[in-house]
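The values are calculated or read from the model by the stated rules, or taken from the named source; none is laboratory data. Keep in mind that what you see is a predicted model, and the values were worked out from it rather than measured. Cβ coordinates were reconstructed from backbone atoms using ideal geometry, including for glycine residues, and neighbour counts include every protein chain displayed. The protein model used for the area step is the full one, side chains on, heavy atoms only, and it has no ligands, DNA or RNA in it. Shrake-Rupley method; radii C 1.70, N 1.55, O 1.52, S 1.80 Å.
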Amino acid sequence: MLATSMVSTFVRAANGIQSTPAAEKPAAMLQLYDIENCPYCRLVREVLTELDLDVLVLPCPKGGERFRPELVERGGKAQFPYLIDPNTDVELYESLDIIAYLFKTYGGGERPLKWKLGGLQTFGSMLASAPRLNRGMRARTGDVPEQLLELYSFESSPYARLVREQLCAMEIPYVLRNCGRTLASEWLPPPVRSALKKTPESELENRRHLLHREGKLSIPYLYDPNTDQGMFESGDILTYLQDTYGS
């Protein structure tokens, strides 16, 4: 399972890893109707990582009955991704339109060259979806937590992808706290950083918050305010989600 996730990460190269924080952060959190392994949704999540924007993810796997009907009623069709920006009252389908909007509104206006090559990015994202097949694409609905879970993640992390897939399949809404990389030392794996006694003070608020709360920085990290539990390690998180919210 992890091997094919690493293949997906390799296919997307540096997309969805390195962050340049948005020139202006939204006051109210963005909302995204999303399917984890959808190639079009991936493009939007990559840009959210690269702009260091948090988002409320509303998972809409195939066969899901929690948020899909809500989107159809709201937007008129079950098409993904769908972005809601409560700060501007803008709501958008179409991944490339959403990406252009995010850069215009929060990224200083100008898209980087790679994001102007929309067709090429879409093709690359389709290739990245192929190894994961239907993982995270079909509903096996879980219970809804009273309070939103928080997932510290960056889009291309092969370990965080496993967690996002399970959250999507279980139709569990969550706050995605983006934790891209800005420093060279952040590219070192956590065990190497630990061995070298390097604890980089990140430029990103989410990374600093996680480091100060837990004393270390590793992705993914799930915090559940319903049980006041936080955990690293994708395997532990997957087991926790199933044991706590599995139907």
Taking the Cα centre as origin and putting +1 on Lys and Arg beta-carbons and -1 on Asp and Glu beta-carbons, what dipole magnitude results for segment 25-99, to the nearest 20 debye? 260 debye
Considering only DSSP beta bridges with both partners in the chain, what is the antiparallel share in %, to the nearest 5? 55 percent
Per 10 Å bin, what percent of the C-alpha pairs of segment 1-146 does each bin hold, from zero upward? 11, 40, 36, 12, 0
With +1 on the Cβ of every Lys and Arg and -1 on the Cβ of every Asp and Glu, the dipole magnitude of segment 51-138 about its Cα centre, in debye rounded to the nearest 20, is 540 debye
Label the chain by shape, choosing from rounded, prolate and oblate, from the square roots a ≥ b ≥ c of the eigenvalues of the Cα gyration tensor; if a/c is under 1.5 it is rounded, and otherwise prolate applies when a/b is larger than b/c, oblate when it is not. rounded
Please compute the contact order of the chain in relative form: average sequence separation of alpha-carbon pairs under 8 Å and at least six residues apart, divided by the residue count, as a percent. 25 percent
Of F123, P61, Y174, which is farthest towards the positive pole of the chain's charge dipole, taken about the Cα centre with +1 and -1 on the beta-carbons of Lys, Arg and Asp, Glu respectively? F123
Apportionment of accessible area to carbon and sulfur, the chain, percent (1.4 Å): 54 percent
Mind ordering 163-173, 70-80 by average Cβ neighbours within 10 Å, highest first? 163-173, 70-80
For K62, give me every one of the aspartates and glutamates with a C-alpha distance below 12 angstrom, ignoring sequence neighbours fewer than eight places off in its own chain. D34, E36, E171
With +1 on each Lys and Arg Cβ and -1 on each Asp and Glu Cβ, how big is the dipole of segment 31-183 about its Cα centre, in debye rounded to the nearest 20? 660 debye
Place the peptides 125-132, 236-243 in order of packing, highest mean first, counting for every residue the other Cβ atoms within 10 Å and averaging per peptide. 125-132, 236-243
For segment 1-79, just say rounded, prolate or oblate: build the C-alpha gyration tensor, square-root its eigenvalues into a ≥ b ≥ c, call rounded for a/c under 1.5, and beyond that prolate if a/b exceeds b/c, oblate if not. oblate
Just to confirm, what accessible area per residue do you get for the chain at 1.4 Å probe, in whole Å²? 44 Å²
Under the Cβ-under-4.7 Å rule, which cysteines of the chain stay unpaired? C60, C168, C179
